[in-house]
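*Asks:* What follows is a single structure, and I will ask about it in a moment.
The values are calculated or read from the model by the stated rules, or taken from the named source; none is laboratory data. Here the structure is a predicted model, which is why all the values come from computation and not from measurement. Cβ atoms come from the backbone with ideal geometry, glycine included; neighbour counts cover every protein chain shown. Keep in mind that these areas ignore ligands, DNA and RNA; they rest on the heavy atoms of the full protein, side chains included. Shrake-Rupley method; radii C 1.70, N 1.55, O 1.52, S 1.80 Å.
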Amino acid sequence: MALFDLPLDELREHRSESVAPDDFDAFWSKTLQEAREHDLGARFEPVDAGLSTVDVYDVTFAGFGGHPVRGWLRLPAGATEPLPLVVEFVGYGGGRGLAHENLLWASTGRAHFTMDTRGQGSAWGGGGGTADPVGGAPSYPGFMTRGIDAPENYYYRRVFTDAVRAVEAARSHPLADAARTVALGASQGGGITIAVGGLVPDLVAVAPDVPFLCDFPRATTLTDRHPYREIALFLKTHRGRSAEVQRTLSYFDGVHFAARGRAPALFSAALEDQTCPPSTVYAAFNSWAHEDKTIEVYDFNDHEGGGPYHEAAKARWLRSYV
């Protein structure tokens, strides 16, 4: 697929039509307050992953509703002093993977925490191990319409809350320097990163790659590729519920979290990306509140974005912050 979205000069000016609900901040403040009524209970169990340069810990902490959420903490082997902390969120359908995977950030001398995504971890990679014990109203297969009948019930309310608690859990480890915390992730992980950037006030940097979960009004009508397509297929059956669905999604739109972003940010977009169209990425980037922000653009790439080239770009960029 060649370029299908707005020209680059228009992308640079694109703004979402999504409107933040009047009670957006109150909704999220109440949600996080309720989650913090549960003891975080972060546990770090050493794992023999057969590695000589990286130490790995199997992590469990209390996320939304006090539900147990899994993760990996990876540290440079033999670390004795607190290290800059990278908290990573994973793409749609994936999980935290296996203990020996994803060694880049620990290999740069940083503590690296990867959060498992509740209910996912069975579509690609090394899998996951976190259940989502909350039921919901009828939905289209996938995760995009689970609980979409109301913001209080929506699946990503639980995931975004887990993500904030993941930052808190990772920061609680004695070898993690809480004052030097970065959030990053690609696709769904990028969308979660943007949400965390709007909900956690003291991150030093965020790096969302080809982020998902942004500019829902445009995304759900522009692309027919999954996962956004799940929403359209739900509405194809549940006729006349578009306004209700868009109201729910407005509480989870990355555009509104971006407007509350208080850390330097490095975004990436791919101009042939039909999964997370570039205009939806630019909608979040253009709304990002912190003035120190930049976006890497990959002209002839689909949803793979910059791949290893962008990993190198992030590693260079992060040197200025942690």
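*Asks:* In the stretch 50-71, what count of residues is obtained for those that are open to solvent by 30 Å² or more (accessible area, probe 1.4 Å) and on the phi < 0 side of the Ramachandran plot?
*Replies:* Matching residues across the stretch 50-71 total 10.
*Asks:* For the stretch 262-293: of the residues being open to solvent by less than 10 Å² (accessible area, probe 1.4 Å) and aliphatic (A, V, I, L, M), which is farthest from ALA2 (Cα to Cα)?
*Replies:* ALA263
*Asks:* Going by what's in this entry, would TYR92 be described as open to solvent by 20 Å² or more (accessible area, probe 1.4 Å) and in contact with a helix residue (DSSP H, G or I) (Cβ under 6 Å, 6 or more places away or on another chain)?
*Replies:* The answer is yes for TYR92.
Per-residue answers, yes or no, for (1) in contact with a Leu (Cβ under 7 Å, 6 or more places away or on another chain); (2) of a type outside the set (A, V, I, L, M, F, W, C); (3) free of Cβ contacts under 8 Å to residues at least 12 places away in the same chain:
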site	(1), (2), (3)
PRO174	no, yes, no
ARG180	yes, yes, no
GLY191	yes, yes, no
LEU203	no, no, no
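*Asks:* Hey, another quick one. Would you say ALA313 is more than 22 Å from PHE27 (Cβ to Cβ), without any contact (Cβ under 8 Å) to a residue 60 or more places away in the chain, assigned to a helix (DSSP H, G or I) and not basic (Lys, Arg)?
*Replies:* Here the answer is yes, as ALA313 does meet what is asked.
*Asks:* Name, by its number, the condition in (1) open to solvent by less than 20 Å² (accessible area, probe 1.4 Å); (2) more than 20 Å from the chain's Cα centre (by Cα) that does not hold for VAL86.
*Replies:* Result: VAL86 fails condition (2) only.
*Asks:* Just one of (1) in contact with a strand residue (DSSP E or B) (Cβ under 8 Å, 6 or more places away or on another chain); (2) open to solvent by 30 Å² or more (accessible area, probe 1.4 Å) trips up ALA26, so point out which.
*Replies:* (1)
*Asks:* Out of all the residues in the stretch 29-49, which are open to solvent by 70 Å² or more (accessible area, probe 1.4 Å) and farther than 28 Å from ALA150 by Cβ?
*Replies:* ARG43, GLU45, PRO46, ASP48
*Asks:* Also, I was wondering about something else. Just give me the residues in the stretch 183-197 being in contact with a Phe, Trp or Tyr (Cβ under 7 Å, 6 or more places away or on another chain) and open to solvent by less than 10 Å² (accessible area, probe 1.4 Å), in sequence order.
*Replies:* Those that are in contact with a Phe, Trp or Tyr (Cβ under 7 Å, 6 or more places away or on another chain) and open to solvent by less than 10 Å² (accessible area, probe 1.4 Å): GLY185, GLN188, GLY189, GLY190, GLY191, ILE192, THR193, ILE194, ALA195, GLY197.
*Asks:* Open to solvent by 20 Å² or more (accessible area, probe 1.4 Å) and either touching a residue at least 40 places away in the same chain (Cβ under 8 Å) or not in a loop (DSSP other than H, G, I, E, B) (or both): does that describe GLU296? Write out each step before concluding.
*Replies:* Details: open to solvent by 20 Å² or more (accessible area, probe 1.4 Å): yes; either touching a residue at least 40 places away in the same chain (Cβ under 8 Å) or not in a loop (DSSP other than H, G, I, E, B) (or both): yes.
When the stated conditions are applied, GLU296 passes them.
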